[in-house]
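The values are calculated or read from the model by the stated rules, or taken from the named source; none is laboratory data. Fair warning: this is a prediction, and the values are worked out from it, not measured in the lab. FYI the Cβ positions are ideal-geometry reconstructions off the backbone, even for glycines, and counts take in every protein chain you see.
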Amino acid sequence: MTDLPSGLMKTLPLHEFKLPTAVLGFELHPGGERGFAACHDGIYELDIKDGKAQKLYAHESYASGVVCLPDGNTLVSSGYDGALRWLDLRTRQVMRTVAAHRFWSWQLARSNDGTKVASVTGQYLCGGTQYEPGPQQEPSVRVYDTKDGACLFSFDHTPPVLSVAFSPEGRFIAAGNMMGEVRVWDLLDGQQVSTWNTPSFTSWGVIKSHHYIGGIFSLVFAPDSNSILAAGMGPMNDPMAGNGKQTWQRFLWRETPVKKSAEIQETDQGNGLMESLALHPSKPWFVMAGRMAQGKWNTAIFSLENGSLLHSLDSKIRVTRASFDKAGGHLILAGASGQERKKDGAYPEYGRVKVYRVAEA
């Protein structure tokens, strides 16, 4: 546990669970006693009390995301095979597979009411002499009806598109790409209603590898839907080092032009890739987590009102998915312990799910 000088919050580690391979996505069941992990080798069901894990099914490549619909009976997952799969938790059978993309599904999101899921894709292909990304080879953002798997919308965006989020009421969807560009669409009529670019999440490598790197890895709408938080990694000279600044920014996306209203303070930043944002269900807090290169923390909780750092900790894992439980008393961090090497001809378990109790100090 790590307490900040502010003393405003504290976290108490409760559980650490192991899974065979790295966790790329995680979501709790509405009941809260079990969770579902999208791992390199498939989708797992995890008992949050005793840590027992059961493999449910697999994609043809890495599973990259998983969501549980509010009915508690249906999972939807995404994978690097470009497919979305629906699982009936009562029968434990895959009941639908949709070929959403020809390339990887980078991220999967669902609307709060569970009626829609969105998946984003895109391969970084050189588009010119400046190594800028080339145009998309297929729609980069797709929205599906969770009831029948029908594609409701296909949106254009410059690939690779790494993050996607629904607004709380489900009317809007936002997606962010590697070059720091965010686009927002209105799902009532399918029209793009906002776009902006922030260079704070993209780097041009001048050492070892000459190409762009970075991107907006996570997006979340504020509860009033009027602002959007974005997270990723700040500029660096050496793309292979992964040591850009831990970064978040907040934007008033409805304004013209879009206004940046807040961002992480330089004194609060370490170095590393931030991959996940999540809002607390009742407090004006949000968590940002990822991988630490240098610094003191890889997971931190900030004030949604003024952006101040309330609490931080080093979870000792690369966090790919951070979330709070429904009541907000627990913080769940999912990811991997590192790049493992084979021991006696087999890889040790390197997927991790950690649970912390969250409280005001």
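Scanning the range 130-158 for residues that are surrounded by fewer than 21 Cβ atoms within 10 Å (Cβ to Cβ) and among the hydroxyl-bearing types (Ser, Thr, Tyr) yields Tyr131, Ser154, Thr158. Any chance the range 48-61 includes a residue that's in a strand (DSSP E or B), among the acidic types (Asp, Glu) and closer than 18 Å to Ala334 by Cα? Checked against the condition, which is being in a strand (DSSP E or B), among the acidic types (Asp, Glu) and closer than 18 Å to Ala334 by Cα, the range 48-61 yields no hits at all. Please determine whether any residue of the range 20-27 is part of a strand (DSSP E or B) and more than 30 Å from Leu309 (Cα to Cα). Looking through the range 20-27, none of the residues is part of a strand (DSSP E or B) and more than 30 Å from Leu309 (Cα to Cα). Listed conditions (1) over 26 Å from Glu33 (Cα atoms); (2) surrounded by 14 or more Cβ atoms within 10 Å (Cβ to Cβ) are all met by Arg341, apart from (2). Elements of the type strands (runs of 3 or more DSSP E) sitting completely within the range 151-193 and holding at least 1 residues that are under 17 Å from Pro135 (Cβ atoms) and aliphatic (A, V, I, L, M): these cover 161-166, 172-177.
Reported count of residues in the range 85-117, each being aliphatic (A, V, I, L, M) and over 28 Å from Met178 (Cβ atoms), is 4. Taking the range 80-129 as the range and being part of a strand (DSSP E or B), modelled with pLDDT of 95 or more and exposed (fewer than 13 other Cβ atoms within 10 Å of the Cβ) as the test, the residues that pass are Gln93, Met95, Ala99. Restricting Gly82, Gly65, Gly72 to residues that are in contact (Cβ under 8 Å) with a residue 40 or more places away in the chain and touching a His at 6+ places or on another chain (Cβ under 8 Å) narrows the list to Gly72.
Can you tell me which residue in the range 28-44 is nearest to the chain's Cα centre (by Cα), limited to those that are surrounded by fewer than 21 Cβ atoms within 10 Å (Cβ to Cβ) and in contact (Cβ under 8 Å) with a residue 40 or more places away in the chain?
Leu28
Looking at Glu275, Glu263, just one residue is modelled with pLDDT of 95 or more, acidic (Asp, Glu) and touching a helix residue (DSSP H, G or I) at 6+ places or on another chain (Cβ under 8 Å), and that residue is Glu263. Within the range 130-150, the set of residues being at pLDDT 95 or above, part of a loop (DSSP other than H, G, I, E, B) and of a type in the set (Phe, Trp, Tyr) is empty.
The rows are residues; the columns are (1) free of Cβ contacts under 8 Å to residues at least 60 places away in the same chain; (2) within 15 Å of Gln294 (Cβ to Cβ); (3) surrounded by fewer than 24 Cβ atoms within 10 Å (Cβ to Cβ); (4) not basic (Lys, Arg).
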{"site": "Asp224", "(1), (2), (3), (4)": "yes, no, yes, yes"}
{"site": "Ser227", "(1), (2), (3), (4)": "yes, no, yes, yes"}
{"site": "Asp238", "(1), (2), (3), (4)": "yes, yes, yes, yes"}
{"site": "Gln249", "(1), (2), (3), (4)": "yes, no, yes, yes"}
{"site": "Glu263", "(1), (2), (3), (4)": "no, no, yes, yes"}
{"site": "Leu279", "(1), (2), (3), (4)": "yes, no, yes, yes"}
{"site": "Lys283", "(1), (2), (3), (4)": "yes, no, yes, no"}
